[in-house]
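So the structure is just underneath, and the comments pick up after that.
FYI, it's all coordinate maths here, none of it is from the lab. Please read these numbers as outputs of a predicted model, since none were measured by experiment. No Cβ is skipped: glycine too gets one built from the backbone with ideal geometry, and neighbour counts run over all protein chains shown.
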Amino acid sequence: MSRFDENNGTAEKKQGQEKSSPLSAAALKYDQDKNSAPYVVAAGTGYIAQKILQVALENGVAIYHDDSAATLLAKLELGQEIPPELYQIVVNIYISLLGLAEENKSR
């Protein structure tokens, strides 16, 4: 897993891990009244991924860190709904973010 360093806007690997692939990021949106599944609103690797993370941080958007999920989601086309084979990954992300929201609410 990687983490995004808010201080300098770069992604870093945890200590002891080699940097094997560029940072990937994807931003999803879901409107249950308009869509049957979440869809990709931004995706990319390297510099684009860093910019996606920077915009999210600047706008208070929650960030979920999972290199494998980001890599898979970043391969989708902009506007493309998440295919059924990736639903479980998105459910895991959603559950994690809900837990984070609850944790922040109780503080």
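Side notes on the structure shown:
- Amide hydrogen proximity for residue 27: with H placed 1.01 Å from N in the peptide plane, the residues at 5 or more positions away or on another chain lying under 5 Å are 41, 42, 43.
- Over region 32-107, relative contact order from alpha-carbon pairs under 8 Å, at least 6 apart, %: 39
- As a rough guide to protection, the peptides 34-42, 67-75 ranked by mean Cβ packing within 10 Å, highest first, stand as 67-75, 34-42.
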